[in-house]
1. Could you count how many residues in segment 288-298 are touching a residue at least 40 places away in the same chain (Cβ under 8 Å) and near the ligand (Cβ under 7 Å from one of its atoms)?
2. Tell me, which residue of segment 180-197 that is part of a helix (DSSP H, G or I) and among the aromatic types (Phe, Trp, Tyr) is surrounded by the most Cβ atoms within 10 Å (Cβ to Cβ)?
3. Of everything in segment 226-236, what is touching a residue at least 24 places away in the same chain (Cβ under 8 Å) and either out of contact with any helix residue (DSSP H, G or I) (no Cβ under 6 Å at 6 or more places or on another chain) or open to solvent by less than 50 Å² (accessible area, probe 1.4 Å) (or both)? Give them in sequence order.
4. Taking only pairs six or more apart or across chains, which ones have beta-carbon atoms under 9 Å, a first residue in segment 189-213 that is over 13 Å from GLY25 (Cβ atoms), and a second residue that is open to solvent by less than 10 Å² (accessible area, probe 1.4 Å) and among the basic types (Lys, Arg)?
5. Considering only segment 299-326, state which residues are open to solvent by 10 Å² or more (accessible area, probe 1.4 Å), within 27 Å of GLU161 (Cβ to Cβ) and near the ligand (Cβ under 7 Å from one of its atoms).
6. Can you tell me which residue within segment 275-287, out of those that are hydrophobic (A, V, I, L, M, F, W, C) and either open to solvent by 30 Å² or more (accessible area, probe 1.4 Å) or under 18 Å from the mean Cα position of the chain (by Cα) (or both), is farthest from the ligand (Cβ to nearest atom)?
7. What do you reckon, is GLY218 at positive phi, under 19 Å from the mean Cα position of the chain (by Cα) and not charged (D, E, K, R)?
8. Is it the case that segment 29-45 has a residue that's within 23 Å of LEU143 (Cβ to Cβ), of a type outside the set (Ser, Thr, Tyr) and touching a residue at least 24 places away in the same chain (Cβ under 8 Å)?
Amino acid sequence: MSAPDAPRMKIMEVCGTHTAAILRGGLRALLPPEVRLVSGPGCPVCVTSAGFIDGVIEWARREDAAIISFGDLFGVRGTHCSFAEARAAGCEFIPVYSPFEALKTARANPQKSYLLAAVGFETTVPLYALVLETIIQEKIPNLRLAVSVKTMPAALAFLGETEGIDGFLCPGHVSVIIGKDAYLPLSERFKKPFVIGGFEPDEVLTAIREIAAQLRQGVYAVKNLYPSVVSDAGNLRAKALIARYFEPADGVWRGIGMIPGSALAVRPAYAHYAIPITEADDAPPEGCGCAAVLTGRLSPDECPLFGGLCRPEDPVGACMVSNEGSCRIYYENR
Ligand code: SF4
């Protein structure tokens with residue numbers, strides 16, 4: 001039980017997998033009324049800019065190349081169309097479950113050009129780095145990368161500054177790579193709890209309870225409640241691989257805009273293995289609440305388009321496209 005005048009706590013679960021665990025487990029109903037959970041920008045498909053989609057489609061058309069990407073990127077719209085709509089108009093797109101499938105495809109069809117749309121967070125970047133390394137070592141001439149990868153700490157700093165979030169349930173999978181220590185400067189700077197938790201319902205609840213306890217006590221700390229897979233320093237091998245091929249860059253997040261230092265770009269020494277894309281965010285469709293959903297200002301079911309004009313089979317905004325998108329998770333668990 002909580003005191004009737006208990007102060008409100010706005011806690012952000014940053015990653016879509018946590019949102020799914022919370023919705024599927026019915027965990028909201030178990031929380032005291034003063035705890036408000038809001039979703040964050042932790043779905044890579046949701047934050048991929050319209051400019052990136054446009055740039056990839058334009059390049060494919062110009063070079064008569066096939067685009068390879070994760071399947072859930074297919075429904076995300078650029079300024080004019082999505083990959084799926086461009087495919088219907090004649091472009092060749094190949095959905096894959098793993099970036100390594102791009103290598104197999106390129107080796108098997110040396111006469112054809114391919115572009116791997118490399119989208120994701122710190123979790124996927126080591127895979128792209130390995131793809132790049134293989135292209136270089138095997139001298140594969142017909143596969144290049146279009147890179148739009150984002151990093152979480154700068155995005156959390158942006159949210160900490162602008163959105164009045166009281167505490168963060170840190171992204172679990174990203175934390176495996178970057179480690180607990182990556183959150184120490186953020187916790188110190190914003191004087192807020194940053195807690196790493198697992199994905200089982202009891203692990204999520206334990207993490208939320210830890211954030212709430214810190215807030216009630218007026219303390220803040222980084223706490224790792226997922227130590228079976230998250231270490232203090234993170235995955236050093238993966239981090240070294242990332243650093244070998246990528247360097248920090250400014251990132252354009254759909255619905256949010258440019259966040260300084262929140263992306264990774266291929267290092268200049270390897271730039272000819274990637275295509276340059278100038279990312280920009282387009283104006284959202286009329287009534288689309290994705291920007292507010294991604295920053296925790298709006299719950300997905302508060303968007304006026306939710307479940308009516310915007311549904312998984314006919315999405316208006318990117319948050320309804322991917323299985324990790326908070327609107328899609330809300331819709332499927334409504
Ligand atoms: Fe965007 Fe659709 Fe979600 Fe509204 S319901 S915020 S338009 S994805």
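1. 2
2. So the residue we want is TYR183.
3. TYR226, SER228, VAL230, SER231, ALA233, GLY234 - these are the residues of segment 226-236 that are touching a residue at least 24 places away in the same chain (Cβ under 8 Å) and either out of contact with any helix residue (DSSP H, G or I) (no Cβ under 6 Å at 6 or more places or on another chain) or open to solvent by less than 50 Å² (accessible area, probe 1.4 Å) (or both).
4. Filtered contacts from segment 189-213: no entries.
5. CYS303
6. Ranking the candidates gives ILE277 first.
7. So GLY218 fails the test.
8. Looking through segment 29-45, at least one residue is within 23 Å of LEU143 (Cβ to Cβ), of a type outside the set (Ser, Thr, Tyr) and touching a residue at least 24 places away in the same chain (Cβ under 8 Å).
The values are calculated or read from the model by the stated rules, or taken from the named source; none is laboratory data. For clarity, every value in this text was computed on a predicted model and none was experimentally measured. Note: ideal-geometry Cβ built from the backbone for every residue, glycine included; neighbour counts use all protein chains shown. Just so you know, the surface numbers come from the protein's heavy atoms only, side chains and all, with ligands and any DNA or RNA stripped out. Shrake-Rupley method; radii C 1.70, N 1.55, O 1.52, S 1.80 Å.
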